[in-house]
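**Student:** Take a look at this one; I'll ask things after.
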Amino acid sequence: MEAVKRLINILEEQRTVIKKIIAVTEREMKAFTIGDHNGILEGAGDQEKLTAELVGLENNRHAALQAMEEELHLPKSCKLGELLNFIPAEFKTSLAELNECLERDVSVLLLLQSRLYFLLQRALIAEETFIRILCRAGLGEGFLGMNRQLGFIDRS
């Protein structure tokens with residue numbers, strides 16, 4: 001039973017980190033829309049730290065799942081939803097609710113991340129457009145002198 005408790009604790013920690021990443025992503029999006037450079041940089045740093053924390057928790061989750069598979073004699077590489085068929089009844093409700101919450105939170109995060117990516121892509125396109133305008137006007141020599149190439153936006 002210790003392995004099940006450990007898994008639930010790790011999943012709760014993951015959910016907390018995912019909620020923090022959602023909040024940071026929302027802040028980053030706001031920073032982009034108002035042109036807050038410091039907010040963008042701060043958000044990127046926070047995202048990096050939280051993502052590293054989430055990766056560590058994911059490694060812990062895999063280890064806890066393996067321990068649980070051994071302790072309860074479960075099939076290897078069980079998914080979280082499949083575990084509900086094998087774990088003791090006392091843990092089923094909390095694990096099912098946690099699984100549902102995690103799925104919902106990850107869906108929200110993926111949606112926000114795709115919106116942030118869209119904003120980033122638009123910002124880079126605008127930047128490239130400004131550089132092209134400056135180059136055509138003869139004011140972009142400093143940029144071209146740094147051996148940079150235009151066309152760094154994938155518009156596919």
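The values are calculated or read from the model by the stated rules, or taken from the named source; none is laboratory data. These numbers come from a predicted model, not from an experiment. Quick reminder, even Gly has a Cβ in these numbers, built from the backbone with ideal geometry, and neighbours come from all protein chains shown.
**Student:** Would you point out the residue of the range 24-37, among those that are of a type in the set (D, E, K, R) and in contact (Cβ under 8 Å) with a residue 40 or more places away in the chain, that is surrounded by the fewest Cβ atoms within 10 Å (Cβ to Cβ)?
**Tutor:** That would be GLU26.
**Student:** Given the residues ILE8, ILE21, which is the only one that is crowded, with 17+ Cβ neighbours inside 10 Å and among the aliphatic types (A, V, I, L, M)?
**Tutor:** Exactly one of ILE8, ILE21 is crowded, with 17+ Cβ neighbours inside 10 Å and among the aliphatic types (A, V, I, L, M), namely ILE21.
**Student:** Quick one: would you say ILE40 is touching a helix residue (DSSP H, G or I) at 6+ places or on another chain (Cβ under 6 Å), hydrophobic (A, V, I, L, M, F, W, C), farther than 20 Å from LEU110 by Cβ and surrounded by 13 or more Cβ atoms within 10 Å (Cβ to Cβ)?
**Tutor:** On the way: touching a helix residue (DSSP H, G or I) at 6+ places or on another chain (Cβ under 6 Å): yes; hydrophobic (A, V, I, L, M, F, W, C): yes; farther than 20 Å from LEU110 by Cβ: yes; surrounded by 13 or more Cβ atoms within 10 Å (Cβ to Cβ): yes.
Against the criterion (touching a helix residue (DSSP H, G or I) at 6+ places or on another chain (Cβ under 6 Å), hydrophobic (A, V, I, L, M, F, W, C), farther than 20 Å from LEU110 by Cβ and surrounded by 13 or more Cβ atoms within 10 Å (Cβ to Cβ)), ILE40 qualifies.
**Student:** Considering only the range 61-95, how many residues are closer than 16 Å to LEU11 by Cβ and either hydroxyl-bearing (Ser, Thr, Tyr) or touching a Gly at 6+ places or on another chain (Cβ under 9 Å) (or both)?
**Tutor:** So the count comes out to 2.
**Student:** Quick check: is even one residue across the range 107-120 at pLDDT below 90 and of a type in the set (A, V, I, L, M)?
**Tutor:** Checked against the condition, which is being at pLDDT below 90 and of a type in the set (A, V, I, L, M), the range 107-120 yields at least one hit.
**Student:** Yes or no: the range 79-86 includes at least one residue that is among the small types (Gly, Ala, Ser) and in contact with a Leu (Cβ under 7 Å, 6 or more places away or on another chain). Talk me through it step by step, then tell me what you get.
**Tutor:** Just the residues of the range 79-86 that are among the small types (Gly, Ala, Ser), to begin with: 81.
If we keep only those that are in contact with a Leu (Cβ under 7 Å, 6 or more places away or on another chain) too, we end up with none.
No, the range 79-86 has no match at all.
**Student:** It is to be established whether one or more residues within the range 78-99 are surrounded by 12 or more Cβ atoms within 10 Å (Cβ to Cβ), closer than 30 Å to LYS30 by Cβ and modelled with pLDDT of 85 or more.
**Tutor:** yes
**Student:** Next question, about the same structure. Test of understanding: among LEU65, LEU72, which residue is surrounded by fewer than 16 Cβ atoms within 10 Å (Cβ to Cβ), farther than 28 Å from ARG115 by Cα, out of contact with any Lys or Arg (no Cβ under 9 Å at 6 or more places or on another chain) and not hydroxyl-bearing (Ser, Thr, Tyr)? So that I can check it myself, show each step before the final result.
**Tutor:** Details: LEU65 fails: surrounded by fewer than 16 Cβ atoms within 10 Å (Cβ to Cβ).
The unique qualifying residue is LEU72.
Residue-wise test of (1) modelled with pLDDT of 95 or more; (2) among the hydroxyl-bearing types (Ser, Thr, Tyr); (3) part of a helix (DSSP H, G or I).
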| position | (1), (2), (3) |
| --- | --- |
| GLU12 | yes, no, yes |
| ARG15 | yes, no, yes |
| MET29 | no, no, yes |
| PHE32 | no, no, yes |
| LYS49 | yes, no, yes |
| ASN59 | yes, no, yes |
| PRO75 | no, no, no |
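**Student:** Now a separate question. Can you list residue pairs whose Cβ atoms sit under 6 Å apart, with the first residue in the range 51-67 being farther than 13 Å from LEU83 by Cβ and the second being in a helix (DSSP H, G or I) and among the polar types (S, T, N, Q)? Count only pairs 6 or more apart in sequence or on different chains.
**Tutor:** LEU57/GLN14
**Student:** Test LEU98 against the criterion of being in contact (Cβ under 8 Å) with a residue 40 or more places away in the chain and either within 19 Å of ASN9 (Cβ to Cβ) or in a helix (DSSP H, G or I) (or both), and give yes or no. Don't jump to the end; show me each part of the working.
**Tutor:** Values: in contact (Cβ under 8 Å) with a residue 40 or more places away in the chain: yes; either within 19 Å of ASN9 (Cβ to Cβ) or in a helix (DSSP H, G or I) (or both): yes.
Spelling it out, LEU98 is indeed in contact (Cβ under 8 Å) with a residue 40 or more places away in the chain and either within 19 Å of ASN9 (Cβ to Cβ) or in a helix (DSSP H, G or I) (or both).
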